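Notes follow once the structure below has been shown.
The values are calculated or read from the model by the stated rules, or taken from the named source; none is laboratory data. The model shown is predicted, which means the values in this text are computed figures rather than measured ones. Don't worry about glycine lacking a Cβ; one is built from the backbone with ideal geometry, like all the others, and counts go over all protein chains shown.
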Amino acid sequence: MATTELLPLYDTIAQCNRCGFCQAGCPVYRVTGEEHSLARGRQAIARSLILGNLELTSEVFQALEDCLLCRGCTAHCFPGIKTDEIVTAMRHAYITRNGQPALQRILFRTVLADSKKLETAARMALWAKRHGLAAAAEKTGLLNLVDKRLQVANQVVPTASAKPFARGKKGKAPRPEKVKHRVGYFASCGFSFQFPEVAEATLRVLARNGCEITMLDNTCCGRPAHSYGDVDAARDIARKNVDRLAGAMGLDAIVSECGSCSTFLKEYGNLLKGDPLYADKAAALSGKVRSFSEFLVAAGANGSLGTLSGTVTYHDPCHLSNRFAKVTAQPRKLLKSIPGMTYKELPEADWCCGAAGSYTFLHHTEATGVLDRKMSNVEKTGADTLATECPACMMHLGYGARKKGLPVKVRHVSQILDEAYEAGKAT
Ligand code: SF4
Ligand code: SF4
């Protein structure tokens, strides 16, 4: 039976001339060498599904699951085919026809869409990790028994700070000396639950740059559901955020230091363009969103930075790279502005690190292969600080550094700036 849901993509897929140039840019293919991991192979699968030469079975779905959605292939593809969009459409078609695991459905449809449930679930998981329950469960083999992916997650995810970050209305942002900008802070799940120190540093840096900050009452941005192909759940979450952030539309900008959140929020207009009730509001919200470095550079970052030492390099999160939001010059500009710090460019800086949300838990062998390449490049720079702007990248790069025994601190750009501002105060 032909997968007719993919028919609207046929003209795009038909542009694939099978040249194979995508081999050069696909981190997964460089590890597996498998044709189905390659953009060309994925276009062939999509074409066969549309023509009815292939059924959308669980085996085909598994082959689609190993895509990072990183667009490394697109950068090398003459027609510029966005393979991530084609893979997402195939995943969507599969779960629409066959359903999805119950836990996944509850997570995307119930937990991520509700900020209170999301917070409760995240706090429970982090509490178990902090109190050694996850490690004990791993030792006894319980995690493996429940789900092998949980065992991998326990190894990759670091123990979060015990001090919780107060999201939304519970949060209190520092006040600027003089108000120059009025911004809304969109709290990402990754930073507020896993790396609360990054969220705190971001707020301090924004306040130092004259931002009067409104703590937004957002829930998850919806990207995780979208990446798994649950486009309907992602749209539902987007509508909820459009309603929740309606009061922020009079502000100068909505800022998030998570590259994945900010880029997905910028896509809300596109995601909800067919919804007569939400299309305009979603497009307006997308137009307000800025990623952290993007906002700070445009606002003219305040120059009272103190001196730091050492060498810093920068890893581009896929969603901020030139393949997505194109926020690449700004983080580098900020890092280079820090007195005393040497900036060293990272070879293949915009190659995916293999985190890709939860990809590393699902496809750990491939993800580790991709990460090893990244960490070898980091080692070549000799940097003692590795900066980035995405919580999944921070988690995975930190795991890579531990695994390789590299003495490199993985930090968000906002943390490094925060430290430089502190150093500036002391002089
Ligand atoms: S999106 Fe990334 S992982 Fe997927 S085929 Fe393209 S380069 Fe490979
Ligand atoms: S580079 Fe583009 S056109 Fe060439 S094989 Fe890959 S997907 Fe097809």
TODO: Sort through Arg91, Arg105 and tell me the only one that's among the basic types (Lys, Arg), away from ligand 2 (no atom under 12 Å from the Cβ) and either under 19 Å from Lys326 (Cα atoms) or buried (at least 21 other Cβ atoms within 10 Å of the Cβ) (or both).
DONE: Arg91
TODO: Please give the number of the condition Leu112 fails out of (1) over 18 Å from the mean Cα position of the chain (by Cα); (2) more than 9 Å from ligand 1 (Cβ to nearest atom).
DONE: (1)
- [ ] For segment 252-275, state whether one or more residues are more than 24 Å from Pro224 (Cα to Cα), in contact (Cβ under 8 Å) with a residue 12 or more places away in the chain and of a type in the set (D, E, K, R).
- [x] yes
- [ ] Report, ordered by the first and then the second residue, all pairs with beta carbons closer than 8 Å, sequence separation of six or more or different chains, a first member in segment 388-409 that is buried (at least 21 other Cβ atoms within 10 Å of the Cβ), and a second member that is at pLDDT 95 or above and aromatic (Phe, Trp, Tyr).
- [x] Thr388/Tyr314; Glu389/Phe292
- [ ] Among the residues of segment 373-427, write down those that are in a loop (DSSP other than H, G, I, E, B), of a type in the set (Asp, Glu) and in contact with a helix residue (DSSP H, G or I) (Cβ under 7 Å, 6 or more places away or on another chain).
- [x] Glu389
TODO: Report the residue count in segment 328-351 for those that are crowded, with 18+ Cβ neighbours inside 10 Å, out of contact with any Phe, Trp or Tyr (no Cβ under 7 Å at 6 or more places or on another chain) and within 16 Å of Val205 (Cβ to Cβ).
DONE: 4
Task: Which numbered condition Glu366 misses (of (1) farther than 20 Å from Gly259 by Cα; (2) part of a strand (DSSP E or B); (3) not small (Gly, Ala, Ser)) - done: (2)
Open item on the list: Suppose the filter is within 15 Å of ligand 1 (Cβ to nearest atom), free of Cβ contacts under 8 Å to residues at least 12 places away in the same chain and acidic (Asp, Glu); does Glu35 pass it?
Closed with: yes
Open item on the list: Condition (residue is crowded, with 20+ Cβ neighbours inside 10 Å and in contact with a Gly (Cβ under 8 Å, 6 or more places away or on another chain)) applied to segment 43-50: is it met by at least one residue?
Closed with: no
- [ ] Go through segment 179-212 and give me each residue that's in contact with a helix residue (DSSP H, G or I) (Cβ under 8 Å, 6 or more places away or on another chain) and farther than 18 Å from Leu417 by Cα.
- [x] Lys180, His181, Val183, Gly184, Phe186, Ala187, Ser188, Cys189, Gly190, Ser192, Phe193, Gln194
Task: Test for Phe61: is it within 16 Å of ligand 1 (Cβ to nearest atom), surrounded by 15 or more Cβ atoms within 10 Å (Cβ to Cβ), in the same structural domain as Glu34 (by TED's automatic domain parsing) and aromatic (Phe, Trp, Tyr) - done: yes
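Table: residues versus (1) surrounded by 18 or more Cβ atoms within 10 Å (Cβ to Cβ); (2) on the phi < 0 side of the Ramachandran plot; (3) within 16 Å of ligand 2 (Cβ to nearest atom).
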{"residue": "Arg71", "(1), (2), (3)": "yes, no, yes"}
{"residue": "Val87", "(1), (2), (3)": "yes, yes, yes"}
{"residue": "Val111", "(1), (2), (3)": "yes, yes, no"}
{"residue": "Lys116", "(1), (2), (3)": "no, yes, no"}
